[in-house]
Each structure stands twice: as structure tokens, then as C-alpha cells.
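The values are calculated or read from the model by the stated rules, or taken from the named source; none is laboratory data. Fair warning: this is a prediction, and the values are worked out from it, not measured in the lab. When we count neighbours, we look across all protein chains shown, and the Cβ atoms used for this are built from the backbone with ideal geometry, even at glycine. These area figures cover heavy atoms from the full protein model, side chains too; ligands, DNA and RNA do not enter into them. Shrake-Rupley method; radii C 1.70, N 1.55, O 1.52, S 1.80 Å.
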Amino acid sequence: MNTGNRTLNADILDSLFNIYLPDVGDVVSRRKITELCLVSKEWRDAAILNSRLWSRLKLEIRTKSQPFSSKKALAWIERSGGYPKTVEVAILCCGKESDDRCPSDSCSASNLGLVEFMLHVPSLHHLSIEFKSAQCFKNLCASMKHQSELASLSPARSLDSPLFPVTTLALKIVQFSIEDHKSAAHDGFMFDTLPPVSNLRLELPTSKDLGHTRNRQETATVPSKLFSPRILQSLTRLSLRSDLFLDQIAQLLEGCSNIEDLSLSYFLQTCFGQPYRQSTDKEIKLPKVRVLRLKHIAEETMDVLGILRVHDISRFELSCGKISSRTENPEVLRPTRLKTFIQSQASTLRSLRIHNLTIDEPVLQAVLPASLQALEHLVLDRVGFKVDVFQHWIDTPPTEEEGGKWFPNLKTLELHDLDTDYNMGTLFSFLRARRPYRVESGQDGQDVTFLGPPDSIKRLMLTFRLPSLKWGERQAHSEEVMEAVRILERGGVVVELGSKYLKR
């Protein structure tokens, strides 16, 4: 090991450590980092100089009395120096599943080691906290204030004060307890104050966990009682993961008038195995939104596009169905809502990503109409093609009123998770139609002469799915494909062609 170590400088070791530990912060990765430091002095020095290795901590607090050394945790994350820091804390309150209440004298959020760590943690780029209930958040804030007074810290630091140093915040609430509802009824909101963040990621309880309250009226009022208007109005970026009804989502979002970037991860509610139909008369007016991401959308939840009142969207991402797996088929949607929405944003839409969706003729005309003249970046990820989109574009050129050319400003085209037997012939024919060329035999091989000005497309990326969870046998691309790639590269297009694999 010593002989090999002398052949590797610190930069190479740094790169190897990053490959070996792409994700850091949990107990296992912290143990592996420690093992790297024990190999030799050179390895230890290289690891300590790698700020990324120390920049993330994942903590799990199960009980109030759980031993936790705040000094060791602080020493760990302070080694990251000026690298952006992330802390993820799961406050589980174990052993309280049958008790809806979580008093401060027994709440895991009041763990002394955790409180000390939160009082002295350096400035964070991102803080993620999972609570059993909103009451646990209040218990942590109260414990921090109490400990600040005992330590004579001035000014006192608390998670709900404007002095807490964090840029982005993520909150996961497992359930809303009876105490949470009482607090909202008495004080007005479950969360009156938060750190001064403009970027919030929020994961709300599922409908099953909401049912723990055993009171439908309380459940229905949860979204409107969650955050004070001051918190909502300060947000410019919101990521919401929930399976609430559309009218409940509208209650939460109607106060977010300054949102510019909105992500909705939506899960379908069911009753006796049958999906609830989603409908509401409310409208969600978000005039400043420019980026919209909809995730896990199904046919029954497409109505969210009907109640969103947004203008001038520049980036739209649609991911359909459940969390994707290699065995699922892409989602099939009726395109009515989607068509209306896409056409209303056509003049400003510059980036479009479609994931896990079956493309047939109606969906193709809805999602990718000829009117998308401003589109610069198109991503089709795990899309099931029931119609050859590229042949369709070749056969049906837009009219002069529509611009005369499909996507005249498109710069990047990405096709991901393609079937290994996907025929790329019409794709290359489509690209050749955008910039015709002539191939002639010359003394040094084939000469390519381009017959038109450079195309707007400057980057093409293609990736293919594995045939199973196990790696298959790698398959070489055909000579026709590689020749088409070489011609595109001569024309100034950067082509990234992924590997194809056969079943074993």
C-alpha cells in the first residue's frame, strides 16, 4: 500500500475518494471515510483536504435520552471549510406510535446533544428535518431557546428565528397530531415562523396518516392552517410532496404569490382500491411562476393543470405515474388538459422534459405541437413511442404561419432510457432534413458537404435502458449509426451516445 501510495498524488486520491463515496453523510459512509484515513498519513491528509467528504451529515434521533456527541458532529462538518454544507435530521420519537401527543419532556426533538449541535452548527446550505408531528418542531425550537438562555448566548438562536443560518429548508411531517390541530386553532397556524428561507421543500402526511386524527373536518382545514402568510409570501421556490385533494392544495398555494419555481410531487388517493376523482372550483393564481415541475401525475390528477393559472412558463417538466421502475410501462394519459396547457405556454416555453409517458398520435400533437417555436431544450425520458415522432415531423412540416420548421430554436435534444432495439434511422433522417448534406467518395475516404447553414441543434444525447436489473452484455452500435454520428460531429453537433446492452 505504501509503495502504491507514493505513485498517487493528492489530486488523484481526491478523485478516487469521490468515486468511492459519491454520497456521504450517513453512518456507513462516515465509517468508510474513517477507514480511508487509517490507511496511511498520506491518505488521511488527502481525505481531510477533500472538503466534500465532510460537508454532509445524516443524523437519526430516536429518543430524548439517546447518546449523541454534538462536539464530534460539529468537528466532522467543520472540516468541510467553505464547502456548502448539508445536514439531514430524522427525529423519529420511537415508541410513541399509539400516542398522538409528543410532550417536550419525552420528545426526541429535545435531545440535549441534538439541541447543542443545532445551536452551534455553522452556516448551512441545506437543512432537512423529518418530524413525527409539527409539535416536535416546536419542541426543538423551545429546547434551543432554553439552552441558549442557560449558555448565555446572545442573541439566542432557534430554528424558528431569523438568525438561524440556512439557505434552503426541507420539512417532512409524518402526521398531524391532535396537539397540532389544537395549536392551529389557538395560535392560528401550525408554523408561525421559520428560518428566513426563500426555498422550501415540504412533504406532508399521506391521506392514511391524516386519517390518524379521526376528524375529517380537522383534516380538511390542515393546509390553510399550516403556515402563516408571512412565511408563504417570502417563498420564491417551493417543492410540495403530497396526496391532498386539489382544493386542499389550492388552500396552501393561494398565499404563495411570489413563487417563481414550483414542484408538485403528487400521489393519487384511493378509497377501497379505487382512485378518488379530483375536482375543485378554486383557481391557483401564481403570476410569477416560470418553472413548473409535476411529478407522479396520473390520469385522475391531471386536473391540476386546469386550476393552475400561470403565465410565461419557460421550463416545464412532467413525470407521470408512480416512482418509475424498470418493470413498469409508461403512463397513458388523455391529452386534453395537457394540450390546452402546452399551447397556452408555447410562446415562452424554452425547456420541456417528459418522463414515463406513452406517446401516441393524440399525445404527440398535444405535448409537442408545431407552435413550440421558442423551445431550446427537449428531453424525452423513458417515453414509450407508439408513433414514430421523427417520421411524423419529417412527413408533416409546419406551415409558414407556424414557422415553417419544427422547433427552429432547439439547441439540445435528449432521448433517455430507450429500448435496446430502438431504431435510430428516422432520428438521423430528421436531423439530416434540418441540415441536408451530400456524401461523396474521396481520396481519404468519404467527403461530407453540408448544403445549408448550421442547424440550431448543437447537442444530442441518447441513453439506453438495461434489459434487467443485472448488467447485460454490451452491444456495439451499427456502423450506419456510428457513421451518422461522425457526420453530425463534423457539422458541429456534440453527440453523446450511451452503451447498449443485450439480455444475458
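Is it the case that residue 128 is in a strand (DSSP E or B) and either polar (S, T, N, Q) or over 15 Å from residue 88 (Cβ atoms) (or both)?
Judged against the criteria, residue 128 is a match.
What are the pairs with Cβ atoms under 8 angstrom where one residue, in the range 19-45, is under 27 Å from residue 90 (Cα atoms) and the other, located anywhere, is among the charged types (D, E, K, R) and assigned to a loop (DSSP other than H, G, I, E, B)? Sequence gap at least six, or different chains.
29/23
Do any residues in the range 329-358 that are among the acidic types (Asp, Glu) have Cβ atoms under 7 Å from those of residues that are at pLDDT 85 or above, where the two are at least six apart or on different chains, and which pairs are they?
331/320; 331/356; 331/357; 331/358
I need a count of the residues in the range 165-197 that are touching a His at 6+ places or on another chain (Cβ under 7 Å) and assigned to a loop (DSSP other than H, G, I, E, B).
The number of residues fulfilling the criteria is 1.
Of all residues in the range 137-157, how many are at pLDDT 90 or above and under 22 Å from residue 86 (Cβ atoms)?
4
What do you reckon, is residue 9 open to solvent by less than 70 Å² (accessible area, probe 1.4 Å), more than 30 Å from the chain's Cα centre (by Cα) and modelled with pLDDT under 90?
no
Could you please let me know if residue 162 is in contact with a Leu (Cβ under 9 Å, 6 or more places away or on another chain), surrounded by fewer than 20 Cβ atoms within 10 Å (Cβ to Cβ), part of a loop (DSSP other than H, G, I, E, B) and not charged (D, E, K, R)?
Answer is no for this residue.
Report, by residue number, each residue of the range 131-166 that is more than 15 Å from residue 194 (Cα to Cα) and either aromatic (Phe, Trp, Tyr) or within 28 Å of the chain's Cα centre (by Cα) (or both).
132, 133 - these are the residues of the range 131-166 that are more than 15 Å from residue 194 (Cα to Cα) and either aromatic (Phe, Trp, Tyr) or within 28 Å of the chain's Cα centre (by Cα) (or both).
Within the range 35-56, does at least one residue satisfy the condition of being over 27 Å from residue 167 (Cα atoms) and of a type in the set (Gly, Ala, Ser)?
yes
This table checks each residue for (1) open to solvent by 70 Å² or more (accessible area, probe 1.4 Å); (2) under 30 Å from residue 137 (Cα atoms); (3) in contact with a Lys or Arg (Cβ under 8 Å, 6 or more places away or on another chain).
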{"residue": "16", "(1), (2), (3)": "yes, no, no"}
{"residue": "28", "(1), (2), (3)": "yes, yes, no"}
{"residue": "38", "(1), (2), (3)": "yes, no, yes"}
{"residue": "43", "(1), (2), (3)": "no, no, no"}
{"residue": "69", "(1), (2), (3)": "no, yes, no"}
{"residue": "86", "(1), (2), (3)": "no, yes, yes"}
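Within the range 377-403, how many residues turn out to be buried (at least 17 other Cβ atoms within 10 Å of the Cβ), more than 18 Å from residue 338 (Cβ to Cβ) and among the charged types (D, E, K, R)?
Total meeting the criteria: 1.
Looking at the range 350-373 only, could you name the residues that are out of contact with any strand residue (DSSP E or B) (no Cβ under 7 Å at 6 or more places or on another chain) and either over 22 Å from residue 399 (Cα atoms) or open to solvent by 10 Å² or more (accessible area, probe 1.4 Å) (or both)?
Residues satisfying the conditions are 360, 361, 362, 365, 369, 370, 371, 373.
Could you grab the pairs with beta carbons closer than 9 Å, sequence gap of 6+ or different chains, first residue in the range 224-249 and closer than 16 Å to residue 295 by Cβ, second one modelled with pLDDT of 90 or more and assigned to a helix (DSSP H, G or I)?
Taking only residues 6 or more apart or on different chains, the pairs are 238/232.
For the range 44-78, enumerate the residues that are under 14 Å from residue 121 (Cβ atoms), hydrophobic (A, V, I, L, M, F, W, C) and not in a strand (DSSP E or B).
Passing the criteria: 54, 68, 73, 74, 75, 76, 77.
Out of the residues in the range 418-440 that are over 20 Å from residue 398 (Cβ atoms) and open to solvent by less than 20 Å² (accessible area, probe 1.4 Å), state the one that is farthest from the chain's Cα centre (by Cα).
Applying the filter and picking the extreme gives 424.
Return the pair list, or none, for Cβ contacts closer than 9 Å from residues in the range 476-501 that are in contact (Cβ under 8 Å) with a residue 24 or more places away in the chain and over 15 Å from residue 448 (Cβ atoms) to residues that are β-branched (Val, Ile, Thr) and assigned to a helix (DSSP H, G or I), at least 6 apart or on different chains.
So the pair list comes out as 497/481; 497/485.
Only residues in the range 170-199 that are open to solvent by 30 Å² or more (accessible area, probe 1.4 Å) count as the first member; pair them with residues that are of a type outside the set (Gly, Ala, Ser) and part of a helix (DSSP H, G or I), Cβ under 6 angstrom, at least 6 apart or cross-chain, and list the lot.
If the second residue must be of a type outside the set (Gly, Ala, Ser) and part of a helix (DSSP H, G or I), the pairs left are 179/135; 189/225.
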